[in-house]
Amino acid sequence: QVQLVESGGGLVQPGGSLRLSCLASGSIFRFYVMGWYRQAPGKQRELVANITSGGNTNYADSVKGRFTLSRDNAKNTVYLQMNSLKPEDTAVYYCKGTRGGINSWGQGTQVTVSS
């Protein structure tokens with residue numbers, strides 16, 4: 001398993017931007033499929049975006065055109081750039097790494113979009 005630590009959450013006004021980072025331990029990070037999920041109060045955890053080891057990305061319809069997921073294998077880090085944030089983006093955001101059918105999760109970082 002890989003250990004994951006998220007950072008970059010916070011409070012932002014509607015229309016603002018944040019960049020989340022997820023730092024992974026281990027030397028085989030580049031083989032992992034990495035993803036960001038989010039969970040709002042009273043709702044199920046949902047996929048925001050994921051990226052394969054080859055760099056192919058997939059986004060939830062609700063964030064397409066606003067969020068960009070990228071990875072830097074040299075830094076063992078994935079980034080989620082979030083622009084044009086909306087109040088409905090408010091949630092705890094979790095990083096997930098998957099390899100060989102085994103999932104690893106970070107502890108989550110709170111994102112609050114409010115005026």
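The values are calculated or read from the model by the stated rules, or taken from the named source; none is laboratory data. Predicted model, so just to flag it, every value in this text is computed and none were measured. Note that we place each Cβ from the backbone using ideal geometry, even for glycine, and neighbour counts take in every protein chain shown. When the accessible area is computed, the model is the full protein with side chains, heavy atoms only, and any ligands, DNA or RNA have been set aside. Shrake-Rupley method; radii C 1.70, N 1.55, O 1.52, S 1.80 Å.
Quick one: in segment 38-48, which of the residues that are among the aliphatic types (A, V, I, L, M) and open to solvent by 20 Å² or more (accessible area, probe 1.4 Å) is nearest to V92 (Cα to Cα)? Steps first, please.
First pass over segment 38-48, keeping only residues among the aliphatic types (A, V, I, L, M): 40, 47-48.
Subset that is open to solvent by 20 Å² or more (accessible area, probe 1.4 Å): 40, 47.
Details: A40: 6, L47: 12 Å.
Only one residue fits best here, namely A40.
Would you confirm whether any residue within segment 71-84 is on the phi > 0 side of the Ramachandran plot, touching a strand residue (DSSP E or B) at 6+ places or on another chain (Cβ under 8 Å) and not hydroxyl-bearing (S, T, Y)?
Initially, segment 71-84 is screened for residues on the phi > 0 side of the Ramachandran plot, giving 76, 84.
This time we only want the ones that are touching a strand residue (DSSP E or B) at 6+ places or on another chain (Cβ under 8 Å), so: 76.
Still in the list and also not hydroxyl-bearing (S, T, Y): 76.
Yes.
Could you tell me which residue of segment 83-115 is most open to solvent (accessible area, probe 1.4 Å), considering only residues that are among the hydrophobic types (A, V, I, L, M, F, W, C) and in contact with a Lys or Arg (Cβ under 7 Å, 6 or more places away or on another chain)?
Keep residues of segment 83-115 that are among the hydrophobic types (A, V, I, L, M, F, W, C), which gives 85, 91-92, 95, 102, 105, 111, 113.
Now restrict to residues that are in contact with a Lys or Arg (Cβ under 7 Å, 6 or more places away or on another chain): 91-92, 105, 113.
Details: A91: 3, V92: 36, W105: 104, V113: 7 Å².
Ranking the qualifying residues of segment 83-115, first place goes to W105.
Of the conditions (1) among the β-branched types (V, I, T); (2) touching a residue at least 24 places away in the same chain (Cβ under 8 Å); (3) surrounded by 15 or more Cβ atoms within 10 Å (Cβ to Cβ), T68 fails just one. Which one is it?
Failed condition: (2).
Given the conditions (1) over 10 Å from the mean Cα position of the chain (by Cα); (2) open to solvent by less than 50 Å² (accessible area, probe 1.4 Å), report the number of the one that S21 does not fulfil.
Against the list (1) over 10 Å from the mean Cα position of the chain (by Cα); (2) open to solvent by less than 50 Å² (accessible area, probe 1.4 Å), S21 comes up short only on (1).
Given G35, G55, which one is modelled with pLDDT under 95, open to solvent by less than 70 Å² (accessible area, probe 1.4 Å) and in contact with a Lys or Arg (Cβ under 8 Å, 6 or more places away or on another chain)?
Numbers: G35 fails: modelled with pLDDT under 95.
Criteria check complete, one pass: G55.
In this structure, does S25 turn out to be over 16 Å from E6 (Cα atoms) and among the hydroxyl-bearing types (S, T, Y)?
On the way: over 16 Å from E6 (Cα atoms): no; among the hydroxyl-bearing types (S, T, Y): yes.
No; evaluated as a whole, the condition is false for this residue.
Please work out which residue is most open to solvent (accessible area, probe 1.4 Å), limiting yourself to segment 2-18 and to residues that are under 12 Å from the mean Cα position of the chain (by Cα) and over 12 Å from Q110 (Cα atoms). Let's see the steps before the verdict.
First, the residues of segment 2-18 that are under 12 Å from the mean Cα position of the chain (by Cα): 4-9, 18.
Within this subset, residues satisfying the condition of being over 12 Å from Q110 (Cα atoms) are 4-5.
Details: L4: 12, V5: 85 Å².
If we take residues in segment 2-18 being under 12 Å from the mean Cα position of the chain (by Cα) and over 12 Å from Q110 (Cα atoms), then V5 is most open to solvent (accessible area, probe 1.4 Å).
Let me spell it out: the conditions are (1) open to solvent by 50 Å² or more (accessible area, probe 1.4 Å); (2) outside any loop (DSSP other than H, G, I, E, B), and D61 meets all of them except one. Which number is the exception?
With (1) open to solvent by 50 Å² or more (accessible area, probe 1.4 Å); (2) outside any loop (DSSP other than H, G, I, E, B) applied to D61, the lone miss is (2).
Which residues, counting only those in segment 70-104, are within 12 Å of V33 (Cα to Cα), assigned to a strand (DSSP E or B) and not hydroxyl-bearing (S, T, Y)?
Correct list: R71, V78, C95, K96, G97, R99, I102, N103.
For A49, are the conditions met, namely being touching a residue at least 12 places away in the same chain (Cβ under 8 Å) and within 12 Å of the chain's Cα centre (by Cα)? It would help to see each step written out before you state the result.
Working: touching a residue at least 12 places away in the same chain (Cβ under 8 Å): yes; within 12 Å of the chain's Cα centre (by Cα): yes.
For A49, the condition - touching a residue at least 12 places away in the same chain (Cβ under 8 Å) and within 12 Å of the chain's Cα centre (by Cα) - is met.
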